[in-house]
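Undergrad: So that we are looking at the same thing, I have put the structure below in C-alpha cells.
The values are calculated or read from the model by the stated rules, or taken from the named source; none is laboratory data. All of these numbers come straight from a predicted model, not from anything done at the bench. Ideal geometry is used to build each Cβ from the backbone, glycine not excepted, and the neighbour counts take in all protein chains shown. Keep in mind that these areas ignore ligands, DNA and RNA; they rest on the heavy atoms of the full protein, side chains included. Shrake-Rupley method; radii C 1.70, N 1.55, O 1.52, S 1.80 Å.
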Number of protein chains: 4
Amino acid sequence: MEKRAVKSMVKDEKLIETRRSQIIKSAVTLFKEKGFHRTTTREIAKEAGFSIGTLYEYIREKEDILYLVSDFIYDQFRVRMEEEASSNLKSLDLLHLVISSYFKLVDDKQDEMLVMYQEAKSLSKKSLPYVLKKELQLCAIFEKILTRCVEEGHFALSEKEIKAAAHNILVFGQMWAFRRWALRSIYTIEEYTNIQMEFIMKGISKNNK
Amino acid sequence: MEKRAVKSMVKDEKLIETRRSQIIKSAVTLFKEKGFHRTTTREIAKEAGFSIGTLYEYIREKEDILYLVSDFIYDQFRVRMEEEASSNLKSLDLLHLVISSYFKLVDDKQDEMLVMYQEAKSLSKKSLPYVLKKELQLCAIFEKILTRCVEEGHFALSEKEIKAAAHNILVFGQMWAFRRWALRSIYTIEEYTNIQMEFIMKGISKNNK
Amino acid sequence: MEKRAVKSMVKDEKLIETRRSQIIKSAVTLFKEKGFHRTTTREIAKEAGFSIGTLYEYIREKEDILYLVSDFIYDQFRVRMEEEASSNLKSLDLLHLVISSYFKLVDDKQDEMLVMYQEAKSLSKKSLPYVLKKELQLCAIFEKILTRCVEEGHFALSEKEIKAAAHNILVFGQMWAFRRWALRSIYTIEEYTNIQMEFIMKGISKNNK
Amino acid sequence: MEKRAVKSMVKDEKLIETRRSQIIKSAVTLFKEKGFHRTTTREIAKEAGFSIGTLYEYIREKEDILYLVSDFIYDQFRVRMEEEASSNLKSLDLLHLVISSYFKLVDDKQDEMLVMYQEAKSLSKKSLPYVLKKELQLCAIFEKILTRCVEEGHFALSEKEIKAAAHNILVFGQMWAFRRWALRSIYTIEEYTNIQMEFIMKGISKNNK
DNA sequence: TATGAATGAGACTTCATTCAT
DNA sequence: CATGAATGAAGTCTCATTCAT
C-alpha cells in the first residue's frame, strides 16, 4: 500500500475526501502560523467550518491530521514534478527544466514546505515511513533524470554520486523555504535559482578538478 | 549583547553554570528522543537529577531550556570551527580542512544537530533572533575563507555566490543529520564527505560550465 | 456596557446561565468558608458537581468566578432594593422602608455580603470598576430617596451631606455582615435595625446641634 | 496574655524586635500593593534586606507575618488614641477631639488601615481572636468617652446605643480607607470629618425626633 | 452524519518551608 | 545567626478525545 490508512467513522468515500481536504487546508493554514503542537484540534475544526465532533468522524487522532497534510503536500509535489519530468526533452534540458520548476514550486508552496519540514519529526513511528517514502519518490525523479544524463554521457557520476546529487537538488529547494529568513533578503527566487543551478551543474560536471 | 539573558533565582554564578549544563545535557537527551513539545519539564528535572523546583531556580520558563540548548550547541560548533579556521594554512587548504572538520563535527554531534534543526522553530520570537544570528556567524566563517580564496584567485565568485556557497556548505552538513534516515544507509561519513567535498569544490570552481 | 463579558467556550446561552449559577452557588459556599485565595478551582468544580474541564468551559480564569459572584450578589441587592424603592409611599416612609428592608436583606444574605466585601479587593483591575459601579448604583438608590426627602422639606442637607448619608446607610448594612463577630452577640437584627435607624434619622435631621 | 506568641529560633530579644519591625515595615509596603496572598515570603525578606532563611529565624510561618502586621497597626492606633483620650478635657470636647484625631490618624495611616481591613480575614483561627480583641479595645475607648458623656447628661443613650455609636464611629473612620475610591473624589478629609462629625453628634443627640 | 458539552489526565509554574553550610 | 539552594506539594489551566443527542 502506498498510503497509510486513516480510519474514519463515515462510510461515504466522497464525503470523506471532501471533509479531509477541508481539514488539510485548514490545518496547513494553522500549522504555518503556529506549528503542529500549538494548533489545537478545535481550531482546525473551526477553521474547516465544522464541529470538533465532525472532525473526529474523519480522523482517529490528531496525528492523523499531520499525516494527511504531509501526504497531501508530497502528492502535490510529486504530481507536478512527474508531469514536468515526462516532458519530451533531451535529458540535459529536462534536468534544467525540472530543477527550475521544482524551485518555482517550492517558492510557490513555501508555507506548505515549511510546515512539512518542520513538523515531519512530529509524525509517529506509524506514519513516518510513509512520508519518508514519499520524499524518496521525489528523490527518485531526479535520480532518474540524472541517470539518463549520465547514460547519455553528459556527466560521469557513480551511483552514489547520482544519489547525492539528487538529494542535494532536493535540499537546495527545501533550503529556500527553511532558510528563507536569511535567503530572501539576499536573493530573488530567480537569482537563487540561477546561482544554485550553476552550482549544481558545475558540481556534477565531468572535467575540472 | 550576544546572548539573551536567562533569569535565574540563584546568585552563585558557578552553580548556575553547573546546573545549566546539567539541564542542557538532560534536555538534549530527551529532546532527541521525543522532541521539545513532548518532553515535560519534570522529565528534564528528573533526568538532570534534581527536583522540578530546582529546575525552575535556573530558568524562568520551559522555552528557556530550548534557548539554552540551542545556544550551547551553536557555541560548541562556533568555537570548534573558529579554532580550525584560524589554522595557518593556504586558503584553499583551509577551506578543505574546515569543511571536512565541520562534517566530522556534524557526524559527532548528530543528535544535537537534529535537535537544533528540528526544534528551532519552537523558539519564541524572543529567542529566535539570537539563534539565527548564531547560524549566521557559522555562515560567516565559511564566507571569510571563501572570500580569501577568491582574493587569492582560486575561484571567481561574486559576493552573492560566496554567500550561497557558504549556506550550501552549512546545509550539506546539516543534511547529514536531518536526512540521516536516507543517507546513512548509502554512505559512511567519509564517503559522504568526499562526495560532497567534490560537489562543492566543482560547484564553486572557475572554468567549466 | 453594564457588565464585563466573561468568555465561555459553550454556545448554548441557557446552559451558560445554568452552569454559571451552579458555579456561583458553589463558589459562594466555598469562599465563605475559606476565602477566594484558599479555594481552588478544582474544589469549586467539584462542589458544583462537574469536572474541572467543564468549569473552564464557562470561565476563562479563576478571577472570572470572583467577578461572577460579585456581579450576582450586587444584582440581587439592586433588584430587590429597586423594587422596594419604587413603592408608592411618601418619601420619608419610603426611606424608612428601604433602609429596613436593606438591613433585612443584608441579614439574609450575610454570607454573600461577607464574601463580597472581603474578596472584592482580589478583583483584578479589569473587573474592579464594574463592581464599584454596582456599589455606586446601590448608593444612588438611597441618594435619590434622600434627595426627595430634602426636596419635600423633611431634611436640610447639602449635596455632599446626602452623599455621605447614603454611604453611611450602605455601610451600616455592610457592618452587620463584616462586624458580625461583635454585633451578633449584642443585637438581634431587629434591635440593630432600630438603633441604626434612629441614629441615621437623627443624624440627618434638621434642627438640633 | 494580650499577644499571641510568635515563635522565633533566635534568643536575643532585642534582635527579634529589630528584625520583626523590619519585617512588618516591608510587609506593610508589600501587602498594600498586592495583598497578603499575592506577596511572597521571599519578597518580604528581600524588601526587609535579609535572606529568606533569616526571615524564617524570626517567624514560624507566613501567617505569622500577617499577625505581626495586624498587631503592630492596632497597637499604633491604640497608643495614639489612648494618648488623646487621656487629655484633660470635658467629656463632650474629648469626644470631639478623639473622633477628629482618629479620623486624622486614619487618613495618615490609610494604607495600613486598608491592609488591616482587607487582610484580616486571612488570619488563621489561631490569630483572629487576638486581633478582634484589639479592635474591641479601640471600640472601648469610644465607649468609655461616650459613657462619660451620658453620665454627664450630654446624651441619653442606653448601653446598647453606646456600643452601636462606638462601632459606628470606628467604622466611619475605616470607611475613609476602604471606600476611598468613592469618598476621596467627593471630600477632603476635613470635609469628611466635619460632615461625619455632625452626623455622629446628631445621631447620638438627645432631643429631636 | 453532525454536534458540542463533558471529561480528566497532565502540563507548566509557584512558593512556603527546610537545612546544610 | 545568617544564608540561599533545594524541595515538592499544590495550583491554574489546556486540550485531545468521547459520547449522548
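Undergrad: On alpha-carbon atoms, Rg over Rh for the protein assembly as shown using Kirkwood Rh?
TA: 1.16
Undergrad: If you don't mind, there's one more thing I want to ask. Taking each label point as 7 Å beyond Cα in the direction of the beta carbon, state the distances from A:S21 to the same residue in the other copies, shortest first, in nm.
TA: 4.9, 5.7, 8.2
Undergrad: Among D:S101, D:S127, D:S87, whose mean-square fluctuation peaks in a Gaussian network model of chain D (Cα, cutoff 10 Å)?
TA: Comparing D:S101, D:S127, D:S87 in the GNM, the peak value goes to D:S87.
Undergrad: Can you give the average number of partner chain beta-carbon atoms within 10 Å of each beta-carbon in peptide B:168-181, as a whole number?
TA: Across the residues of B:168-181, the mean count of other-chain Cβ atoms within 10 Å is 4.
Undergrad: A follow-up question, please. For the range A:93-188, I need the span (max minus min coordinate) of the C-alpha atoms along each principal axis, in Å, sorted largest to smallest.
TA: That gives 41, 38, 17 Å along the principal axes, largest extent first.
Undergrad: Now for a separate question. Report the relative contact order of the range D:62-204, percent, no decimals, based on alpha-carbon pairs under 8 angstrom and at least 6 residues apart.
TA: It rounds to 33 percent for the range D:62-204.
Undergrad: Enter the buried accessible area of the A/B pair, total of both sides, probe 1.4 Å, in Å² rounded to the nearest 100.
TA: So the total buried area for this chain pair works out to about 4000 Å².
Undergrad: Distance from a point 7 Å along Cα→Cβ of C:S158 to each backbone N in the range D:172-201: keep the residues under 14 Å and list them by number.
TA: Counting backbone N atoms under 14 Å from the label point, the list is D:186-199.
Undergrad: At 1.4 Å probe size, put A:D93, A:D111 in order of accessible surface, largest to smallest.
TA: Values: A:D93 75, A:D111 50 Å².
Reading off the accessible areas and sorting them downward yields A:D93, A:D111.
Undergrad: Can you give the angle from 0 to 90° between the axis of helix C:159-178 and the longest principal axis of chain C, with both taken from C-alpha atoms, to the nearest 10?
TA: 50 degrees
Undergrad: Under a plain spin-label model, where a point goes 7 Å from the Cα along Cα-to-Cβ, how far apart in nm are A:R38 and D:K104?
TA: Modelled inter-label distance: 6.0 nm.
Undergrad: Which residue, A:E151, A:E135, A:E13, tops the fluctuation ranking in a GNM of chain A built on C-alpha contacts under 10 Å?
TA: Of A:E151, A:E135, A:E13, the Gaussian network model singles out A:E13 as fluctuating most.
Undergrad: While we're looking at this one, here's another question. Tell me the carbon and sulfur percent of the accessible area for chain C, rounded to whole percent, probe radius 1.4 Å. Present the calculation step by step, with values, prior to reporting the outcome.
TA: Working: 5080 of 9780 Å².
That fraction is 52 percent.
Undergrad: Mind listing the label-point distances from A:A182 to the same position on all other copies, shortest first, one decimal in nm, points 7 Å along Cα→Cβ?
TA: 2.1, 6.5, 7.3
Undergrad: So, for chain C, what is the accessible surface per residue at a probe of 1.4 Å, expressed in square angstrom?
TA: Accessible area per residue: 47 Å².
Undergrad: Moving on. Could you state the angle between the C-alpha long axis of helix D:110-119 and the longest principal axis of the C-alpha atoms of chain D, as a value from 0 to 90 degrees rounded to the nearest 10?
TA: So the helix axis and the longest Cα principal axis differ by about 70 degrees.
Undergrad: Report the equivalent ellipsoid semi-axes for the range D:8-60 in whole Å, largest first, defined as the square roots of five times the eigenvalues of the gyration tensor built from alpha carbon atoms.
TA: The equivalent ellipsoid of the range D:8-60 has semi-axes of 20, 11, 8 Å.
Undergrad: At R0 = 30 Å, how high is the FRET efficiency between D:A140 and C:D111 if r is their beta carbon distance? Nearest 0.05 is fine. Show your work: numbers first, answer last.
TA: Numbers: r = 28 Å, r/R0 = 0.95.
The value I calculate is 0.60.
Undergrad: Which value, in Å² rounded to 10, gives the accessible area of A:E191 with a 1.4 Å probe and all protein chains present?
TA: Spelled out: A:E191, probe radius 1.4 Å, area about 60 Å².
Undergrad: Quick check on chain B: take the gyration tensor over C-alpha atoms, sort the square-rooted eigenvalues as a ≥ b ≥ c, and tell me if it's rounded (a/c under 1.5), prolate or oblate. Display every interim value, and only then the final one.
TA: Numbers: a/c = 2.62, a/b = 1.94, b/c = 1.35.
Prolate.
Undergrad: Same structure, new question: Using a label point 7 angstrom from Cα along Cα-to-C-beta, what distances in nm, from shortest up, separate A:G153 from the other copies?
TA: 3.5, 12.8, 14.0
Undergrad: Counting only Cβ atoms, what residue of chain C lies nearest to the axis that sends chain C onto chain A, and how many whole Å off?
TA: Residue with the nearest Cβ, plus whole-Å distance, for chain C: C:G53, 4.
Undergrad: Show me the ranking of peptides C:161-170, C:115-124 by mean Cβ neighbours inside 10 Å, starting with the highest. Before the final figure, lay out the partial values.
TA: Working: C:161-170: 22.7, C:115-124: 19.9.
Final packing ranking: C:161-170, C:115-124.
Undergrad: With chain D treated as a Gaussian network of Cα nodes joined by springs under 10 Å, which of D:R180, D:R38, D:R20 yields the largest mean-square fluctuation?
TA: D:R38
Undergrad: Roughly what would the spin-label model give for D:R148 and C:E198, points 7 Å off Cα along C-beta, in nm?
TA: It works out to 2.4 nm between the two label points.
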